[in-house]
Amino acid sequence: MTNQSSSVTMLSRVLSWTKQVAMMLLVFTLFSAALDLWRSRDIPTDNLADLKAITLNGDTVDILAMSHQQPVLLYFWGTWCPVCRFVSPSVDIMATQYSVVTVAMNSGSNEKLSQYLQHQQYDFPVVNDEKGQLSHDWSVNLTPTLMVIKDGELQFYTSGFTSLPGMWWRMLLA
C-alpha cells in the first residue's frame, strides 16, 4: 500500500506543479500583452508611416504594398542591442518562410553593418536607419521591436524579447 500511496502523492505533486507553471505562464502572457498595449499606445494601427527604402543588398522594399500580398514582419533592431542578439536569429529563421524587413537603428555605416551581418551570418533584408529617421517616423523607441503589418494595418506589436513561436503565431494570426 505504501507504494501505491507514494505514487498518488507523486502524481499529486506533479499535477500541483503543472498547475503552478500554467498559472505563471498565463500571468506572464497577460502581463506581456498589457505591456505591449501600453508601449504601442502612440503607434497608429492604420495610416502607418510610409516605409519605402532600399536594403543593403540594393533591393527596394515597400512595406505597405508588400503587406497587401501577405503579412510582413517588420523588425527594428540595433547591432548595439543586447536583447537583439537573442531575437535576431529567430528573425533570420522567419525570413526563410515569411516576408521580413528589418530596420537597423543607429548601427553605423552600410559597410560596418554589412560586416556585422556577415559575421553573424544573417540573411534577412536590412534597411540601414543610420540616423534614426525611420524609427522616429514609426514611433519606435525600444529595441527590439517587432510589428506585423497586414493590408496596410498594424496587426501586432511587441518590444523586448520575443521567441520564435511568438513571432510565428503572430504571423499566422495576421
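Out of curiosity, is L37 in contact with a Gly (Cβ under 9 Å, 6 or more places away or on another chain) and at pLDDT below 75?
Taking the combined requirement at face value, the residue does not satisfy it.
What pairs come up if the first residue lies in region 131-146 and is basic (K, R), the second is assigned to a loop (DSSP other than H, G, I, E, B) and at pLDDT 85 or above, and their beta carbons are under 8 Å apart, counting only those six or more places apart or on different chains?
K131/N106
Could you identify the single residue in N110, N106 that is without any contact (Cβ under 8 Å) to a residue 60 or more places away in the chain and on the phi > 0 side of the Ramachandran plot?
N106
Taking the condition surrounded by 13 or more Cβ atoms within 10 Å (Cβ to Cβ), touching a strand residue (DSSP E or B) at 6+ places or on another chain (Cβ under 8 Å) and more than 17 Å from E153 (Cα to Cα), does V87 pass?
Spelling it out, V87 is indeed surrounded by 13 or more Cβ atoms within 10 Å (Cβ to Cβ), touching a strand residue (DSSP E or B) at 6+ places or on another chain (Cβ under 8 Å) and more than 17 Å from E153 (Cα to Cα).
Return the residue satisfying two criteria in turn: it lies in region 55-90 and is among the small types (G, A, S) and free of Cβ contacts under 8 Å to residues at least 24 places away in the same chain, and of such residues it is nearest to L113 (Cα to Cα).
Filtering region 55-90 for residues that are among the small types (G, A, S) and free of Cβ contacts under 8 Å to residues at least 24 places away in the same chain, the one nearest to L113 (Cα to Cα) comes out as G58.
The values are calculated or read from the model by the stated rules, or taken from the named source; none is laboratory data. Keep in mind it's a predicted model, so treat the numbers as computed, not measured. Because the Cβ atoms are built from the backbone with ideal geometry, glycine has one as well, and the counts that use them run over all protein chains shown.
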